[in-house]
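The values are calculated or read from the model by the stated rules, or taken from the named source; none is laboratory data. Owing to the predicted nature of the structure, the values given are computational and were not obtained by experimental measurement. Every residue, glycine among them, receives a Cβ derived from its backbone with ideal geometry; neighbour counts consider all protein chains shown. These accessible areas exclude ligands, DNA and RNA; they are computed on the full protein's heavy atoms, side chains included. Shrake-Rupley method; radii C 1.70, N 1.55, O 1.52, S 1.80 Å.
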Amino acid sequence: MSSSGTTRVAIACQGGGSHTAFTGGVLQRVIEDAPGEYEITALSGASGGAACATIAWAGLRRDDPGRAVANLDGFWSDIAARTPWGRAANDGLLTSARLTDELGQFSISPYFNPISEVGRDVLRDAIAEHTDLDAAVAAGGEPSLYVSAVDVRNGTFELFENGEAGVEAAVASGAIPNVFEAAEIAGEYYWDGLFSQNPPIRQFVSDAPADEKPDEIWIVRINPRTREEVPTSTSEITDRRNELAGNLSLDQEKHTIESINRMIEDGVITDDRYKRIALREVDIAPALADDLDSHSKLDRDPGFIDRLMAHGRERAPALWNG
């Protein structure tokens with residue numbers, strides 16, 4: 001707990017496309033109902049988690065939590081395929097993706113697929129509609145924001161901080177390679193944050209005095225850590241491979257914090273620039289996660305989106321109730 005009597009909290013949002021509607025629900029409930037002792041001092045995200053973190057950050061930066069909650073609702077409402085054309089395109093994309101995995105059918109590069117550009121524009125417009133990033137940047141102060149992406153040509157991780165590059169940072173973090181063209185920012189090209197820090201965590205604790213570091217880091221995990229069955233079909237194998245890859249960077253980020261915590265507890269680290277930081281997680285309940293495959297991360301069905309948001313709101317109290 002900080003000297004002010006509050007518990008400083010940083011929230012890290014794992015990527016996962018449409019599954020991060022769950023994250024939207026979690027963030028809404030945290031903002032509305034977390035006990036007053038908790039102060040959100042930073043957010044980070046990758047892919048869909050970056051969009052949610054950016055939208056929440058923009059409202060909180062302007063000291064308007066109600067705006068943050070409403071904008072998360074509005075964003076996911078805009079993302080959902082509610083028109084007849086939108087529903088048809090959504091169904092076609094999901095069917096094509098699943099058949100390609102099973103049958104090896106021909107797929108179209110996003111550079112030659114006009115629907116890809118439409119999808120990217122929907123994402124960009126939805127984020128822009130529900131954030132005023134210029135006002136959030138101008139407001140200054142806390143919370144901080146970290147959005148991850150990977151430089152396609154250089155293979156380096158990129159971190160966009162505190163509204164840097166505007167909406168395009170969140171678009172770059174959501175640029176799934178086989179769905180969208182690489183996102184261009186200042187002459188460089190970026191793919192999904194899932195391939196870099198998913199989500200960023202170490203930046204919460206880097207190069208800051210101990211009293212400015214978080215007391216707790218709350219993680220919104222999208223990819224399940226365990227599965228009951230060994231995957232056997234092509235699509236099941238692909239699903240599990242993607243889940244494991246998505247969790248790899250998150251677990252590496254956690255390991256750094258946990259290692260420092262152990263060394264502090266064992267007296268190996270006594271430098272007062274370091275502090276013990278608690279890690280808490282919330283994830284999609286196994287009963288629901290078992291029904292989700294990797295392709296459903298592209299699913300924009302309104303009922304599906306609403307169900308995940310409601311589930312996130314239901315699960316969020318685990319973060320402060322332990």
Practice task
Could you list all residues from the range 239-270 that are open to solvent by less than 60 Å² (accessible area, probe 1.4 Å), farther than 19 Å from P200 by Cβ and free of Cβ contacts under 8 Å to residues at least 40 places away in the same chain?
Solution key: R240, I264, G267, I269
Fill in the blank from the handout: How many residues of the range 227-238 are assigned to a loop (DSSP other than H, G, I, E, B) and either touching a residue at least 40 places away in the same chain (Cβ under 8 Å) or in contact with a Leu (Cβ under 8 Å, 6 or more places away or on another chain) (or both)? The answer is 3
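Residue-wise test of (1) in contact (Cβ under 8 Å) with a residue 24 or more places away in the chain; (2) farther than 22 Å from L60 by Cα; (3) of a type in the set (D, E).
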site	(1), (2), (3)
V167	yes, no, no
A186	no, yes, no
Y190	yes, yes, no
Q203	yes, no, no
I219	yes, no, no
N223	yes, yes, no
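Yes/no matrix, rows are residues, columns are (1) among the aliphatic types (A, V, I, L, M); (2) within 30 Å of R120 (Cβ to Cβ):
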site: V230; (1), (2): yes, no
site: L244; (1), (2): yes, yes
site: D272; (1), (2): no, no
site: I277; (1), (2): yes, no
site: L288; (1), (2): yes, yes
site: I305; (1), (2): yes, yes
site: L308; (1), (2): yes, yes
Practice task
Specify the residue that is nearest to Y146 (Cα to Cα); the eligible residues are those in the range 43-79 that are in contact with a strand residue (DSSP E or B) (Cβ under 6 Å, 6 or more places away or on another chain) and not aliphatic (A, V, I, L, M).
Solution key: S44
Practice task
Could you please give the count of residues in the range 196-214 that are buried (at least 24 other Cβ atoms within 10 Å of the Cβ) and not in a loop (DSSP other than H, G, I, E, B)?
Solution key: 1
Exercise for the section: Test G163 against the stated conditions and say whether it is modelled with pLDDT of 90 or more and at positive phi. Expected result: yes
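State all residues of the range 271-297 that are over 30 Å from A208 (Cβ atoms), among the aliphatic types (A, V, I, L, M) and surrounded by fewer than 18 Cβ atoms within 10 Å (Cβ to Cβ); if no residue qualifies, say none. Before the answer, list the steps.
Of the range 271-297, the ones over 30 Å from A208 (Cβ atoms) are 284-297.
Restricting the remaining residues to those that are among the aliphatic types (A, V, I, L, M) gives 284-285, 287-289, 292.
Within the range 271-297, A285, A287, L288 meet the criteria.
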